1. Residue by residue through segment 421-439, note down the ones that are under 17 Å from residue 337 (Cβ atoms), within 15 Å of the ligand (Cβ to nearest atom) and at pLDDT below 95.
2. Looking at segment 387-415, which of the residues that are in a strand (DSSP E or B) and surrounded by fewer than 21 Cβ atoms within 10 Å (Cβ to Cβ) is modelled with the lowest pLDDT?
3. Please verify whether segment 446-455 includes one or more residues that are buried (at least 23 other Cβ atoms within 10 Å of the Cβ) and touching a helix residue (DSSP H, G or I) at 6+ places or on another chain (Cβ under 6 Å).
4. Scan segment 119-139 for residues that are surrounded by fewer than 23 Cβ atoms within 10 Å (Cβ to Cβ) and closer than 30 Å to residue 173 by Cβ and jot them down.
5. Just for strands (runs of 3 or more DSSP E) wholly inside segment 312-380: which have at least 3 residues that are over 18 Å from residue 420 (Cβ atoms) and either within 16 Å of the ligand (Cβ to nearest atom) or out of contact with any strand residue (DSSP E or B) (no Cβ under 6 Å at 6 or more places or on another chain) (or both)?
6. Suppose the filter is surrounded by fewer than 16 Cβ atoms within 10 Å (Cβ to Cβ), farther than 30 Å from residue 436 by Cα, more than 16 Å from the ligand (Cβ to nearest atom) and under 26 Å from the mean Cα position of the chain (by Cα); does residue 218 pass it?
7. Checking residue 476 against (1) touching a strand residue (DSSP E or B) at 6+ places or on another chain (Cβ under 7 Å); (2) without any contact (Cβ under 8 Å) to a residue 60 or more places away in the chain; (3) surrounded by 15 or more Cβ atoms within 10 Å (Cβ to Cβ), only one condition comes out false. Which one?
8. I'd like to know if segment 283-293 contains one or more residues that are touching a strand residue (DSSP E or B) at 6+ places or on another chain (Cβ under 7 Å) and not in a strand (DSSP E or B).
Ligand code: ADP
């Protein structure tokens, strides 16, 4: 017997329409390069997204057509999220920090017909346009007076949408229709596309916008620092209107001082981003002797949140840290570190701190397993390590037009291989041990680069740390530690680093080589580019015998 409920499709547009209908007065505050701070309400954004939808329809864009963006977090990007998918077209967010060859690959692979770009990225488009034959139109995200000189035949966004009145209802169609497309950063090989649907995006928003996952409450002021070109800014642009949150979109300037000032000026209460961003925010806050009084929750993900960072937020500024984990292929949220009430009540502050350093509990909708090399499920005992596999309604069932990538991505039963090595405990709290490609295999045993990095960033005088496995004649691979010192003229001594680590990790984990650099290379989303470091240090242990 079937249930007797109506089968209304889950539409992304309904999230913004609800924001406009119910929380219409809530603000969307944007920092826009060349325009300063710009204020709208959800009502305005819904209206402008509809104008965009009409303009796109007029330009011949319809169901399944791909519309690309190359843009920072601001109100126009938000309008594109909704305006494009609202008419059944696919919003393809592109990371502007990719190399030109990768941009060309992605634009051609996605067969984008229109690209909408921030003015500052026009030179990039000028460079690649001849290699993107399917691109028909370039829309520049600005007003006519802010359009820079360009040889391109480009349209100004405000003119593009200004010709339409926004008088329309959002259409309804199959909730399984594609809505948006995001390529993984592609630290190895060509980027791979995750193609989201209306259904997956709405379900992810319903899950993510809850207190048990992101600490979200109605009346929140939310600031996604994680870029909107990276996995839907972890879903915030979709769940913010659903809960009536004031949305603060920080634009291109993501340095500590700019973010600090924005948090103060707009009383931001909930924000999300990668650890590197928060290192800079904390450094600035410390330097000016400031406070983070408005900030109730900071969501940290993308790479592991160092213990020292968690302590500083919580002890010095009373900001709760929610350590989250996810992937482009998972829309992205898979786990979040909001402690379950029974654990809050039965554990000491120190035990809670230990738990917060892990990647949190699996969220509703995501099933997780640890499997061995033969895909056999392993116990959830907090110690058995294995390949982390997942399944759920916002996890890819296949990469977009990429059969080669699909071959290795799924278990026989169809679970998605995350590429992470992890443990799960009896409370289903996830702890990442490493990326399967980053774990260091020394004499047949695993050394976790993440664990080592977490300890190394606690060394006094160290700002950032990266650990890579380097070929070693005797052990196969040994760890090399690369440190960024606070003061490059006065780095900590190698002996003090060894002494510090020696008391915290197994002796055979202590790195064979400690190198200092002024900067460690980062990808567009703040992740350390270990491939570059591996290349640089490839022969660093050549000839070493012990
Ligand atoms: P890409 O795979 O393109 O680098 P993603 O953002 O999809 O970009 O990366 C997902 C990966 O990032 C995860 O599989 C995991 O290895 C890492 N990651 C994400 N969040 C965390 C976290 N909280 N702690 C440690 N690693 C994380």
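1. Taking segment 421-439 as the starting set, the residues that turn out to be under 17 Å from residue 337 (Cβ atoms) are 422-433.
Checking the rest, the ones that are also within 15 Å of the ligand (Cβ to nearest atom) come to 422-424, 429-433.
Answer for segment 421-439, where residues must be under 17 Å from residue 337 (Cβ atoms), within 15 Å of the ligand (Cβ to nearest atom) and at pLDDT below 95: 432, 433.
2. 387
3. Yes, segment 446-455 contains at least one residue that is buried (at least 23 other Cβ atoms within 10 Å of the Cβ) and touching a helix residue (DSSP H, G or I) at 6+ places or on another chain (Cβ under 6 Å).
4. 132, 133, 134, 135, 136, 137, 138
5. Once the strands (runs of 3 or more DSSP E) in segment 312-380 are filtered for at least 3 residues that are over 18 Å from residue 420 (Cβ atoms) and either within 16 Å of the ligand (Cβ to nearest atom) or out of contact with any strand residue (DSSP E or B) (no Cβ under 6 Å at 6 or more places or on another chain) (or both), what remains is 320-326.
6. Values: surrounded by fewer than 16 Cβ atoms within 10 Å (Cβ to Cβ): yes; farther than 30 Å from residue 436 by Cα: yes; more than 16 Å from the ligand (Cβ to nearest atom): yes; under 26 Å from the mean Cα position of the chain (by Cα): yes.
Judged against the criteria, residue 218 is a match.
7. With (1) touching a strand residue (DSSP E or B) at 6+ places or on another chain (Cβ under 7 Å); (2) without any contact (Cβ under 8 Å) to a residue 60 or more places away in the chain; (3) surrounded by 15 or more Cβ atoms within 10 Å (Cβ to Cβ) applied to residue 476, the lone miss is (3).
8. Going residue by residue through segment 283-293, those that are touching a strand residue (DSSP E or B) at 6+ places or on another chain (Cβ under 7 Å) are none.
There is no residue in segment 283-293 that is touching a strand residue (DSSP E or B) at 6+ places or on another chain (Cβ under 7 Å) and not in a strand (DSSP E or B).
The values are calculated or read from the model by the stated rules, or taken from the named source; none is laboratory data. Just so it is clear, the structure is predicted and the values come from calculations on it, not from any experiment. Glycine gets a Cβ as well: all are built from the backbone with ideal geometry, and neighbour counts include every protein chain shown.
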